[in-house]
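The values are calculated or read from the model by the stated rules, or taken from the named source; none is laboratory data. As the structure is a computational prediction, the values presented were derived from the model and not from experiment. Here the Cβ positions follow ideal geometry from the backbone for every residue, glycine too, while neighbour counts run over all protein chains shown.
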Amino acid sequence: MHDSFVHKGKRKKLVEYLRNRIGISDENVLSAMNKVPRHLFIESIFEDFAYEDRAFPILAHQTISHPSTVAEQSELLKVKAGEKVLEIGTGCGYQTAVLVAMKALVYTVERQKDLFDFSKNKLRELHLTPKFQSFGDGFAGLPTFAPFDKIIVTCGASTLPTELLKQLNIGGIMVIPLGPTDEQVLFRFTKIGPTEFEKEEFGAYKFVPMLGNTNQ
């Protein structure tokens, strides 16, 4: 694994950009993003641009999110060390690694077998292993391990997956992009009672669509 002084320097600049230009103020998020080598989660042809605020194609016709999107979703989640976090859409594992670096106990689900295998190996190599990694349907969540303190959905859902809301602790938070495939709105749901939620909206984003079932 190659993580040079140049990579570390670029990461530091990215963190300053996230702090000063994007307005990320959660030091736990910024510290985690300073630790995680994003260039190791993408193809080597993109390595020189890994610390720019850009999305890149990854396996299975998916994308790695912009660093600003990862930082914003992570900040909205208000993660504290030791909290149980369910991630829907492991992808290449970058967001997972950031959450693990934030000292969350991460349970993550991925429906694309290529990405499940890639992320499992990459996270193990980097010693940023989640608590549990599952190949399966994100819409179902992980009821066996519920309830969770936080849930993060890294793909756009056309409708609200109510099964996931059931798996949240009272006081828990779910951050999810909702809407049609071309543009979603990022929402934060806070569970204030068994069936009561407070809903906040955080602007338009573009995520890959959330799909059911699994792709063998």
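Select, from Phe145, Phe118, Phe132, the only residue that is surrounded by 14 or more Cβ atoms within 10 Å (Cβ to Cβ), under 16 Å from the mean Cα position of the chain (by Cα), over 19 Å from Ser65 (Cα atoms) and not β-branched (Val, Ile, Thr). Spell out how you get there, then give the answer.
Details: Phe145 fails: under 16 Å from the mean Cα position of the chain (by Cα); Phe118 fails: over 19 Å from Ser65 (Cα atoms).
Result of the check over Phe145, Phe118, Phe132: Phe132.
Do we have any residue at all in segment 58-68 that's of a type in the set (A, V, I, L, M), over 21 Å from Arg11 (Cβ atoms) and surrounded by fewer than 23 Cβ atoms within 10 Å (Cβ to Cβ)?
Yes, segment 58-68 has at least one match.
If you go through segment 83-137, how many residues are in a helix (DSSP H, G or I) and either of a type in the set (S, T, N, Q) or in contact with a strand residue (DSSP E or B) (Cβ under 7 Å, 6 or more places away or on another chain) (or both)?
First, pick out the residues of segment 83-137 that are in a helix (DSSP H, G or I): 94-101, 113-125.
Restricting the remaining residues to those that are either of a type in the set (S, T, N, Q) or in contact with a strand residue (DSSP E or B) (Cβ under 7 Å, 6 or more places away or on another chain) (or both) gives 94-96, 99-100, 113, 116, 119-121.
Going through segment 83-137 one residue at a time, the tally reaches 10.
Could you identify the single residue in Gly171, Gly203 that is touching a Leu at 6+ places or on another chain (Cβ under 8 Å), small (Gly, Ala, Ser) and not in a loop (DSSP other than H, G, I, E, B)?
Working: Gly171 fails: touching a Leu at 6+ places or on another chain (Cβ under 8 Å).
So the residue among Gly171, Gly203 that is touching a Leu at 6+ places or on another chain (Cβ under 8 Å), small (Gly, Ala, Ser) and not in a loop (DSSP other than H, G, I, E, B) is Gly203.
Could you tell me which numbered condition Val15 fails, if it satisfies all but one of (1) touching a Leu at 6+ places or on another chain (Cβ under 7 Å); (2) closer than 24 Å to Ile173 by Cα; (3) modelled with pLDDT of 95 or more; (4) not hydroxyl-bearing (Ser, Thr, Tyr)?
It fails just one condition, (2).
Could you tell me whether Phe145 is touching a residue at least 60 places away in the same chain (Cβ under 8 Å), closer than 22 Å to Ala97 by Cα and of a type in the set (Phe, Trp, Tyr)?
On the way: touching a residue at least 60 places away in the same chain (Cβ under 8 Å): yes; closer than 22 Å to Ala97 by Cα: yes; of a type in the set (Phe, Trp, Tyr): yes.
Considered against the rule, which asks whether it is touching a residue at least 60 places away in the same chain (Cβ under 8 Å), closer than 22 Å to Ala97 by Cα and of a type in the set (Phe, Trp, Tyr), Phe145 comes out as yes.
If you take the residues of segment 177-186 that are buried (at least 20 other Cβ atoms within 10 Å of the Cβ) and either more than 18 Å from Phe202 (Cβ to Cβ) or in contact with a Pro (Cβ under 8 Å, 6 or more places away or on another chain) (or both), which of them is modelled with the lowest pLDDT?
Among residues in segment 177-186 that are buried (at least 20 other Cβ atoms within 10 Å of the Cβ) and either more than 18 Å from Phe202 (Cβ to Cβ) or in contact with a Pro (Cβ under 8 Å, 6 or more places away or on another chain) (or both), the one modelled with the lowest pLDDT is Gln184.
Six or more apart or on different chains, Cβ atoms under 6 Å: show the pairs whose first residue is in segment 40-52 and closer than 12 Å to Arg11 by Cβ and whose second is part of a helix (DSSP H, G or I).
Cβ pairs passing all conditions: Ala50/Arg38; Ala50/His39; Tyr51/Lys10; Tyr51/Arg11; Tyr51/Leu14.
Does any residue of segment 157-168 turn out to be closer than 25 Å to Ile22 by Cβ, in contact (Cβ under 8 Å) with a residue 24 or more places away in the chain and more than 18 Å from the chain's Cα centre (by Cα)? Break it down stepwise before answering.
Step one: filter segment 157-168 for residues closer than 25 Å to Ile22 by Cβ, giving 157.
Imposing the further condition that a residue be in contact (Cβ under 8 Å) with a residue 24 or more places away in the chain reduces the set to 157.
Pick out the ones that are also more than 18 Å from the chain's Cα centre (by Cα) and you get none.
Looking for residues that are closer than 25 Å to Ile22 by Cβ, in contact (Cβ under 8 Å) with a residue 24 or more places away in the chain and more than 18 Å from the chain's Cα centre (by Cα), one finds none in segment 157-168, hence no.
Looking at segment 1-34, which of its residues are under 16 Å from Leu123 (Cα atoms), surrounded by 17 or more Cβ atoms within 10 Å (Cβ to Cβ) and not aliphatic (A, V, I, L, M)?
Those that are under 16 Å from Leu123 (Cα atoms), surrounded by 17 or more Cβ atoms within 10 Å (Cβ to Cβ) and not aliphatic (A, V, I, L, M): none in segment 1-34.
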